[in-house]
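J.: For reference, the structure I am asking about is given below.
Read the figures in this text as sums done on the coordinates, not as results from a lab. Note that the structure is a prediction, hence the values are computed from the model and not measured. Counting neighbours? That spans all protein chains shown, and the Cβs are built from the backbone with ideal geometry, glycine included.
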Ligand SMILES: [Zn+2]
């Protein structure tokens, strides 16, 4: 690999993620990200509540084996109530899809958000104005 990848997300979806994380705080939120993979760009289009997510204190647990066979799932997002948006060892080991998004307390804006690839390398996040829906 090595080619730089950018992740795009509409403002509206990012706000939904941040709102959800605020609502669950101090518990962790956990959602699946659906979207499209293009050349060098992963576009997040949709959020899916993982039916198997268990919200407990300090860790959103889930089983990758229960992941639906849905190839539009490009990754996951969960919250870090600690405010530290670095991925933990557990996060990287339980990674699903291409990207791992972490939102940290106080969940106020995109500065509280980071996206990583499976190597734990940070990926550029491009927050777009609510673009016209060009789903095919
Ligand atoms: Zn985590």
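J.: Just to verify a result, which residue in segment 97-114, among those that are in contact with a helix residue (DSSP H, G or I) (Cβ under 9 Å, 6 or more places away or on another chain) and buried (at least 18 other Cβ atoms within 10 Å of the Cβ), is nearest to residue 23 (Cα to Cα)?
T.: 107
J.: Which members of segment 19-35 meet the condition of being in a helix (DSSP H, G or I) and surrounded by fewer than 21 Cβ atoms within 10 Å (Cβ to Cβ)?
T.: Selection gives 19, 20, 22, 23, 24.
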